[in-house]
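Peer 1: Let me give you the structure first, and then I'll get to my questions.
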Amino acid sequence: PGDLNWNRIVPGTIRSILEGVAPIIRSDGEFVRDYFHVDDASSAYRALAASMHERPQAILGQAFNFSYERPISVKALVDILLKLMGSDLRPEILNQASNEIRNQFLSSQKAHEVLNWSPQKDFETALQSTIDWYREFLNRDRIE
């Protein structure tokens with residue numbers, strides 16, 4: 001929620017579905033990413049900050065990744081958004097992406113073990129709360 005760059009897959013897809021327009025996938029749809037909700041990113045950074053304060057010698061200088069550890073293709077993500085939003089639209093797959101990393105995802109195992117951190121939301125719950133935010137944001141002018 002809060003990302004107003006409509007060229008990104010999540011906000012752009014949600015906005016398209018809300019407008020009744022087929023979402024656009026610029027790649028072939030098979031590029032894999034590991035999407036992450038901002039609330040869980042915030043909790044991850046708070047866990048890191050608390051650990052740095054409580055045991056700086058063990059934490060300072062360390063690198064941590066935070067993720068749902070659920071790599072998913074762009075096409076699968078769009079399909080989940082369509083399902084959650086109750087839409088029968090079909091994405092338009094342009095297959096025009098170039099110079100993109102095909103598979104991009106993280107392991108947060110170290111964060112689980114060292115920081116005792118885990119995401120607070122599951123993937124679908126995170127997507128639903130994101131959909132709800134955009135629905136409210138994009139309808140705010142129509143409500144008044």
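Peer 1: Considering only Ala58, Val78, Thr125, whose Cα is most displaced toward the positive end of the charge dipole of the chain, charges sitting on Cβ of Lys, Arg (+1) and Asp, Glu (-1)?
Peer 2: Highest projection toward the positive end goes to Ala58.
Peer 1: Mind computing the radius of gyration and Dmax over the alpha-carbon atoms of region 1-76? Å is fine for both.
Peer 2: Values for region 1-76 (Cα only, Rg and Dmax): 17.0, 54 Å.
Peer 1: Tabulate in residue order the Karplus-calculated ³J(HN,Hα) for region 111-117, using 6.51 cos²θ - 1.76 cosθ + 1.60 with θ = phi - 60°, rounded to whole Hz; enter x for Gly and Pro.
Peer 2: Ordered by residue, 3J(HN,Hα) equals 5, 5, 6, 8, 9, 6, 9 Hz.
Peer 1: Sketch the reach of a paramagnetic label on Thr125 as a point 7 Å from Cα along Cα-to-Cβ, and name the residues of region 1-36 whose backbone nitrogen lies under 14 Å away.
Peer 2: Zone members listed by number: none at all.
Peer 1: Same structure, new question: With all protein chains present, how much of the accessible area of region 1-101 (probe radius 1.4 Å) comes from carbon and sulfur, to the nearest whole percent? Present the calculation step by step, with values, prior to reporting the outcome.
Peer 2: Values: 2780 of 5780 Å².
C and S atoms contribute 48 percent here.
Peer 1: Express the Stokes-Einstein translational diffusion coefficient of the chain in µm² s⁻¹, to the nearest whole number, given a Kirkwood radius over alpha-carbon pairs, 10 °C and a viscosity of 1.306 mPa s. Show your work: numbers first, answer last.
Peer 2: On the way: Rh = 16.8 Å.
In µm²/s, the coefficient is 95.
Peer 1: Sticking with this one: Between the DSSP loop rule and a limit of at most 16 other Cβ atoms within 10 Å, which trypsin sites (Lys or Arg not before Pro) in region 47-122 are left? Don't skip to the end; give the middle numbers.
Peer 2: Values: sites: Lys75, Lys83, Arg102, Lys110, Lys121; in loops: Arg102, Lys121.
Qualifying residues, ordered by number: Arg102.
Peer 1: Read phi for every residue in region 27-43 and hand back ³J(HN,Hα) as whole Hz from Karplus 6.51 cos²θ - 1.76 cosθ + 1.60, θ = phi - 60°, with x for Gly and Pro.
Peer 2: Those phi angles translate into 8, 7, x, 9, 5, 10, 9, 10, 6, 8, 7, 4, 4, 6, 5, 4, 5 Hz.
Peer 1: Still on this model: Out of the chymotrypsin sites (Phe, Trp or Tyr not before Pro) in region 23-95, which ones are loop residues according to DSSP with at most 13 other C-beta atoms within 10 Å? Mind showing how you got there, number by number?
Peer 2: Values: sites: Phe31, Tyr35, Phe36, Tyr45, Phe64, Phe66, Tyr68; in loops: Phe31, Tyr35, Phe36, Phe64, Phe66, Tyr68.
Taking region 23-95 and a limit of 13 other Cβ atoms within 10 Å, no loop chymotrypsin sites (Phe, Trp or Tyr not before Pro) are found.
Peer 1: In whole Hz, what ³J(HN,Hα) sequence does region 102-109 give by Karplus (6.51, -1.76, 1.60; θ = phi - 60°), x for Gly and Pro?
Peer 2: Whole-Hz 3J(HN,Hα) from phi for region 102-109: 5, 10, 9, 7, 10, 10, 10, 4.
Peer 1: Here's another thing I want to ask about it. If a paramagnetic tag sat 7 Å from the Cα of Arg70 along the Cα-Cβ line, which residues of region 34-53 would have the backbone N under 11 Å from that point?
Peer 2: Once the point is set 7 Å along Cα→Cβ of Arg70, 35-37 turn out to lie under 11 Å by backbone N, inside region 34-53.
Peer 1: If you don't mind, there's one more thing I want to ask. Between Asp39 and His112, what's the calculated FRET efficiency when r is the beta-carbon distance and R0 is 22 Å? Round to 0.05. Show your work: numbers first, answer last.
Peer 2: On the way: r = 18 Å, r/R0 = 0.80.
Once the sixth-power term is evaluated, E becomes 0.80.
Peer 1: A further question on this structure: Taking the full set of protein chains and a 1.4 angstrom probe, give the accessible area of Arg15 in square angstrom, rounded to the nearest 10.
Peer 2: 70 Å²
Peer 1: With a/c under 1.5 counting as rounded, go ahead and sort region 66-144 into rounded, prolate or oblate using the C-alpha gyration tensor (a ≥ b ≥ c being the square roots of the eigenvalues; past the cut-off, prolate if a/b is larger than b/c, else oblate). Can you show the working numbers first?
Peer 2: Working: a/c = 2.41, a/b = 1.29, b/c = 1.87.
Taking the square roots of the gyration eigenvalues as a ≥ b ≥ c, region 66-144 is oblate.
Peer 1: Once amide H atoms are built 1.01 Å from N in the peptide plane, which residues 5 or more positions from Ile93, or in another chain, come under 5 Å H to H?
Peer 2: Placed amide hydrogens put Ile25 under 5 Å from Ile93.
Peer 1: Taking Lys110 as the anchor, which lysines have their alpha carbon closer than 25 Å to its alpha carbon, excluding any fewer than eight residues away along the same chain?
Peer 2: By straight Cα distance, Lys110 reaches Lys121.
Peer 1: What relative contact order, as a whole-number percentage, does region 18-144 give when Cα pairs under 8 Å and 6 or more residues apart are counted?
Peer 2: Details: 139 pairs, mean separation 52.9, N = 127.
It rounds to 42 percent for region 18-144.
Peer 1: Where the only charges are on Cβ atoms (+1 Lys, Arg; -1 Asp, Glu), what is the dipole of region 1-103 about its Cα centre, to the nearest 20 debye? Present the calculation step by step, with values, prior to reporting the outcome.
Peer 2: Values: 11 positive and 13 negative charges, 18 e Å.
Here the size comes out at about 80 debye.
Peer 1: Per residue, how large is the accessible surface of the chain? Use a 1.4 angstrom probe and give square angstrom.
Peer 2: On the way: 8750 Å² over 144 residues.
Accessible area per residue: 61 Å².
Peer 1: Expressed as a whole number of Å, what is the distance separating the alpha-carbon centroids of region 1-40 and region 93-137?
Peer 2: 11 Å
The values are calculated or read from the model by the stated rules, or taken from the named source; none is laboratory data. Because the structure is predicted, anything quoted here is derived from the model rather than measured. Note that each Cβ is placed from the backbone with ideal geometry, even for glycine, and that neighbours are counted across all protein chains shown. For the accessible areas, the whole protein counts, side chains as well, though only heavy atoms, and no ligand, DNA or RNA atoms are used. Shrake-Rupley method; radii C 1.70, N 1.55, O 1.52, S 1.80 Å.
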